[in-house]
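**Student:** Quick one: structure below, then a few questions.
The values are calculated or read from the model by the stated rules, or taken from the named source; none is laboratory data. Keep in mind the model is a prediction, meaning the values are calculated, not measured. Every residue, glycine as well, gets a Cβ built from its backbone with ideal geometry; the counts of neighbours run over all protein chains shown. The protein model used for the area step is the full one, side chains on, heavy atoms only, and it has no ligands, DNA or RNA in it. Shrake-Rupley method; radii C 1.70, N 1.55, O 1.52, S 1.80 Å.
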Amino acid sequence: MVRRTTLDRRGPQSDVHAGGSALPPPEKARGAPDRSPATWRGAGGRWAVWIMRVLVWAVLLIIGVRGVIAIALNQKTPSGSPATTAGKAGPARSFPVGVAEAYALQFATVYLNVNQSTAGQRAQQLAGFLPGGSDPQLGWNRAGSLSLQSAQVAGIDVRDRQHAVITVLARVNDRLMELGVPVYAAGGGMVVSGQPAWLPAPAQISPPAPVSQNSDPTATAALQAQLPAFFQAYASGDSATIARFLAPGAAVTGLGGAVTYSSIATLYVPAGGDTRQITVSVVWQIPAQKGAAPVQLPMTYDMTVVSQNANWYVKSVRASAQPVGQQS
């Protein structure tokens, strides 16, 4: 038995007992490459922190620049048209839009009817819309006349929680115009707070020129034979007959006898598969006053039709957006 005579002063166990080698590591030969594994000193962690900092600062910089641009250009977030801003954040949320529109329309029907024979009645009616002490004729010189044929609300511009200008589209003396009516609302009441403004009607413009397209002659011939019976039932509102022409799952409501079918003026059927988007111009006869001949008017519809077993079935009927001349 060999007895250990030397104690390890570094601890209770020797390197051999600790599982290591008792021999010192061999010296590296001079000039030999160092193949010992590199020691990680945490530099990668520091780089990750710096990258994250750069990304955060870049995002904050972009947000700040966009904010400065928005302030400089006075940009606003997208919103609906003035007439539909009720219920959203802002002045329109508390301004009584619906009541004010109806109020302005009632005012316009009185204001735009001017006649010397009814001047007193007009003044009395206008007084109910104006502040106390106002001129009940709103500056009318008591000469000439205006005749209102039609009027309806075209829009509203809410200025703040109590002020708005309602635009009324009207036909006066056979001319189309707009009337801006200023309305003040507070405490559940309202008043026309100033003189109205005569504004121009929407400008008349021309749509893009229709694009010439070729129609499918075979499908056109088939639909020319089927559609008259469908439109006869559609005009009368005969739901049982209408149902025979409908594609599975389709629902179409007829006109209930308001018109009668006369003829198909034009029909456009594009080439395609079993489902087509077609355009058809139908001539309706509209009953006139007693003893007078019925009025005939062509009206245009866009339809979705589906081909099944050599027959065409209607999936939908709606008003057409095609410009005049597109259907031919």
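**Student:** Among the listed residues Arg122, Arg171, identify the single one that is more than 30 Å from Ser94 (Cβ to Cβ) and crowded, with 18+ Cβ neighbours inside 10 Å.
**Tutor:** Arg122
**Student:** Something else about it: Does Gly120 satisfy being more than 34 Å from the chain's Cα centre (by Cα) and in a loop (DSSP other than H, G, I, E, B)? Before the answer, list the steps.
**Tutor:** Details: more than 34 Å from the chain's Cα centre (by Cα): yes; in a loop (DSSP other than H, G, I, E, B): no.
Against the criterion (more than 34 Å from the chain's Cα centre (by Cα) and in a loop (DSSP other than H, G, I, E, B)), Gly120 does not qualify.
**Student:** Same structure, new question: Give all pairs with beta carbons closer than 6 Å in which a residue from the range 304-319 that is touching a residue at least 24 places away in the same chain (Cβ under 8 Å) meets a residue that is open to solvent by 30 Å² or more (accessible area, probe 1.4 Å) and of a type in the set (Lys, Arg); count only pairs at least 6 apart in sequence or on separate chains.
**Tutor:** Here the result reads Thr304/Lys315; Val306/Lys315, each pair linking the range 304-319 to a residue that is open to solvent by 30 Å² or more (accessible area, probe 1.4 Å) and of a type in the set (Lys, Arg).
**Student:** Looking only at residues in the range 70-101 that are modelled with pLDDT of 95 or more, touching a strand residue (DSSP E or B) at 6+ places or on another chain (Cβ under 8 Å) and not charged (D, E, K, R), which one is nearest to Arg175 (Cα to Cα)?
**Tutor:** Across the range 70-101, the extreme among qualifying residues is Ala100.
**Student:** What strands (runs of 3 or more DSSP E) completely inside the range 159-218 contain at least 3 residues that are within 15 Å of Tyr111 (Cα to Cα)?
**Tutor:** Working: elements: 163-172, 175-186, 189-192, 197-199.
In the range 159-218, 163-172, 175-186, 197-199 are the strands (runs of 3 or more DSSP E) which contain 3 or more residues that are within 15 Å of Tyr111 (Cα to Cα).
**Student:** Checking Gln326 against (1) modelled with pLDDT under 90; (2) surrounded by fewer than 16 Cβ atoms within 10 Å (Cβ to Cβ), which single condition isn't satisfied?
**Tutor:** So the condition that Gln326 fails would be (2).
**Student:** Moving to a separate point now. Could you please let me know if Gly254 is open to solvent by less than 30 Å² (accessible area, probe 1.4 Å) and farther than 12 Å from Val305 by Cβ?
**Tutor:** Values: open to solvent by less than 30 Å² (accessible area, probe 1.4 Å): yes; farther than 12 Å from Val305 by Cβ: yes.
Yes: the conditions hold for Gly254.
**Student:** Exactly one of (1) free of Cβ contacts under 8 Å to residues at least 12 places away in the same chain; (2) under 22 Å from Gln296 (Cα atoms); (3) part of a loop (DSSP other than H, G, I, E, B); (4) not β-branched (Val, Ile, Thr) is unmet by Leu255. Its number?
**Tutor:** Looking at each condition in turn, Leu255 falls short on (1).
**Student:** Among the candidates Ala240, Ala186, Ala233, which residue alone is farther than 19 Å from Pro96 by Cα, without any contact (Cβ under 8 Å) to a residue 40 or more places away in the chain and surrounded by fewer than 16 Cβ atoms within 10 Å (Cβ to Cβ)?
**Tutor:** Exactly one residue qualifies, and that residue is Ala240.
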